[in-house]
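Take a look at the structure set out below.
The values are calculated or read from the model by the stated rules, or taken from the named source; none is laboratory data. For clarity, every value in this text was computed on a predicted model and none was experimentally measured. Virtual Cβ from ideal backbone geometry, glycine too; neighbours counted across all protein chains shown.
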Ligand code: NAD
């Protein structure tokens with residue numbers, strides 16, 4: 001029986017007259033019905049949040065932290081249910097949802113609960129009296145999240161917003177709305193103060209747009225595509241609303257010969273580069289989709305890499321043997337197939353994959369084989385535009401300068417992963433990359449205190465730790481004459 005989701009507004013479950021079908025991408029079947037919210041629903045949620053704001057912002061930080069921890073505890077007690085829902089909703093392998101994504105959502109809530117307790121204001125004493133800076137919540141803020149890591153990114157936004165004393169109207173992706181709805185139900189169960197967290201479901205151009213443009217929304221924290229991020233910036237700029245934009249990526253994995261030639265490092269490097277390329281079927285903004293390899297080892301790397309990719313198992317998300325599940329939706333599946341056709345038209349040489357699959361028991365699903373392509377130039381569309389699927393390209397470079405030129409040859413600038421044993425080279429390359437995050441000899445190793453975000457077409461602003469706490473607060477300096 002499909003689930004019937006509702007909005008969470010003023011602590012109440014609210015239905016909408018219209019609904020949207022939510023599909024299980026492994027089977028193509030309808031898994032849930034999500035409310036198709038309207039601007040009126042957004043308005044009701046904003047009013048509820050405004051009404052809740054004085055009491056919530058007036059709580060001691062410890063009290064807000066306490067609520068976030070209660071929500072984290074309730075979520076942790078239901079990790080299996082949430083992981084199952086995430087796998088049905090987005091098609092991701094259950095083990096990924098169970099071991100990484102839902103536990104990370106719990107960690108997000110706990111991390112920002114602790115941050116609320118540790119958040120300190122600055123003071124400057126001496127030159128001109130005594131100055132101290134209050135950091136006050138903004139009011140009602142909008143949080144808009146995408147489908148690729150649904151609850152993980154939803155909590156990554158709402159937790160710092162709530163921890164700093166704001167009230168939230170959040171809009172999860174209409175493609176994967178189920179775990180956000182479940183979190184809203186948990187909030188109701190534990191008696192989370194009504195109106196503090198509101199969740200409105202529906203289409204981006206309707207609910208998302210109404211949220212961004214609502215005059216009482218003080219800030220918008222958005223994660224999603226660059227095209228939508230630009231639309232949000234176009235509204236928020238003239239309206240002078242604070243915005244945090246976490247957008248697309250076309251990340252480079254840079255492999256120097258020494259990393260491949262070192263037998264002690266090679267296996268771990270290959271395992272990680274394969275994971276960086278294909279985790280969540282390549283549907284992570286941080287995936288390394290352009291692999292740059294020093295020419296001296298290009299052929300040997302290609303052979304070893306393709307052999308590993310051929311061993312990846314594509315299948316239903318609930319099969320414990322599955323490495324790659326389906327793509328999230330029919331529309332995204334069609335987009336990635338079109339990207340494969342483009343890569344062929346651009347002269348790409350498909351080394352493995354390159355086609356759709358129908359694993360046993362998932363004949364109606366949207367699966368694409370992990371695909372490796374070489375023979376493409378750095379400036380073709382396949383190497384400059386985000387595909388966001390299980391597709392990577394290989395390119396050879398000659399020296400450090402060439403590696404940097406290839407890595408920086410896109411308008412995106414989210415992350416990069418660099419593999420070398422040479423310390424001097426690692427630091428030099430890291431400094432020269434036009435990105436917000438560099439991993440050396442690893443990928444996706446995350447300390448939640450660090451700044452997270454990209455440059456260029458990958459976004460504006462940073463999330464994580466202190467940066468998120470600062471984004472969701474307004475500094476107010478108070479100066480006292482001391483003589
Ligand atoms: P999307 O931009 O289509 O949608 C993201 C969210 O915005 C959804 O909730 C959607 O309903 C909403 N939305 C759509 N149109 C809107 C509008 N006009 N106004 C307001 N909201 C609107 O992105 P997606 O397809 O859901 O997600 C994939 C994209 O997200 C990829 O480009 C990926 O790289 C990016 N992403 C970036 C990061 C990061 O941290 N930089 C993380 C994850 C995903």
Point to revise | Residue that is touching a strand residue (DSSP E or B) at 6+ places or on another chain (Cβ under 7 Å), outside the structural domain of residue 91 (by TED's automatic domain parsing) and farther than 17 Å from residue 298 by Cβ, where the choices are 394, 414, 406 | key: 414
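Residues in the stretch 116-136 that are surrounded by fewer than 23 Cβ atoms within 10 Å (Cβ to Cβ) and touching a residue at least 40 places away in the same chain (Cβ under 8 Å): how many? Spell out how you get there, then give the answer.
Applying the first criterion (surrounded by fewer than 23 Cβ atoms within 10 Å (Cβ to Cβ)) to the stretch 116-136 yields 117-136.
Subsequent filtering for residues that are touching a residue at least 40 places away in the same chain (Cβ under 8 Å) retains 117, 119, 128-136.
Qualifying residue count for the region: 11.
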Study note, to complete from the structure: Cβ pairs under 7 Å, 6+ apart or interchain, first in the stretch 349-361 and over 13 Å from residue 393 (Cβ atoms), second part of a loop (DSSP other than H, G, I, E, B), ordered by first then second residue, are 355/369; 357/369; 359/315; 359/316; 361/316
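Looking only at the stretch 294-308, count every residue that is within 27 Å of the chain's Cα centre (by Cα) and crowded, with 23+ Cβ neighbours inside 10 Å and tell me the total.
Our first condition is that a residue be within 27 Å of the chain's Cα centre (by Cα); within the stretch 294-308, this holds for 305, 308.
Subsequent filtering for residues that are crowded, with 23+ Cβ neighbours inside 10 Å retains 305.
Of the residues in that region, 1 qualify.
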Practice item. Give the residues of the stretch 254-295 that are within 16 Å of the ligand (Cβ to nearest atom), touching a strand residue (DSSP E or B) at 6+ places or on another chain (Cβ under 6 Å) and outside any helix (DSSP H, G or I), sorted by residue number. Key: 286, 288, 289, 290
Practice item. Could you check residue 342 against (1) closer than 28 Å to residue 436 by Cβ; (2) surrounded by 17 or more Cβ atoms within 10 Å (Cβ to Cβ); (3) more than 16 Å from the ligand (Cβ to nearest atom) and say which number it fails? Key: (2)
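Here is a yes/no grid of residues against (1) assigned to a helix (DSSP H, G or I); (2) more than 11 Å from the ligand (Cβ to nearest atom):
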residue: 165; (1), (2): no, yes
residue: 170; (1), (2): no, no
residue: 179; (1), (2): yes, yes
residue: 182; (1), (2): yes, yes
residue: 188; (1), (2): yes, yes
residue: 194; (1), (2): no, yes
residue: 198; (1), (2): no, yes
residue: 210; (1), (2): yes, no
residue: 218; (1), (2): no, yes
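On the given criteria, is residue 334 loosely packed, with under 15 Cβ neighbours inside 10 Å and either under 23 Å from the mean Cα position of the chain (by Cα) or not assigned by TED's automatic domain parsing to the domain that holds residue 413 (or both)? I'd like the intermediate steps shown before the answer.
On the way: loosely packed, with under 15 Cβ neighbours inside 10 Å: yes; either under 23 Å from the mean Cα position of the chain (by Cα) or not assigned by TED's automatic domain parsing to the domain that holds residue 413 (or both): yes.
Answer is yes for this residue.
Check 214, 235 and return the single one that is more than 10 Å from the ligand (Cβ to nearest atom), more than 30 Å from residue 420 (Cβ to Cβ) and touching a residue at least 12 places away in the same chain (Cβ under 8 Å).
Working: 235 fails: more than 10 Å from the ligand (Cβ to nearest atom).
None of the others qualify; the one that does is 214.
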Practice item. Within the stretch 136-147, identify whether any single residue is farther than 24 Å from residue 52 by Cα, within 16 Å of the ligand (Cβ to nearest atom) and outside the structural domain of residue 389 (by TED's automatic domain parsing), and answer yes or no. Key: yes
Revision key, fill the gap. When the stretch 305-322 is checked residue by residue, the ones that are in contact (Cβ under 8 Å) with a residue 40 or more places away in the chain and either in a helix (DSSP H, G or I) or within 30 Å of residue 409 (Cα to Cα) (or both) are 305, 306, 309, 310, 312
Point to revise | Wholly within the stretch 343-453, strands (runs of 3 or more DSSP E) carrying at least 2 residues that are more than 26 Å from the chain's Cα centre (by Cα) | key: 349-352, 391-397
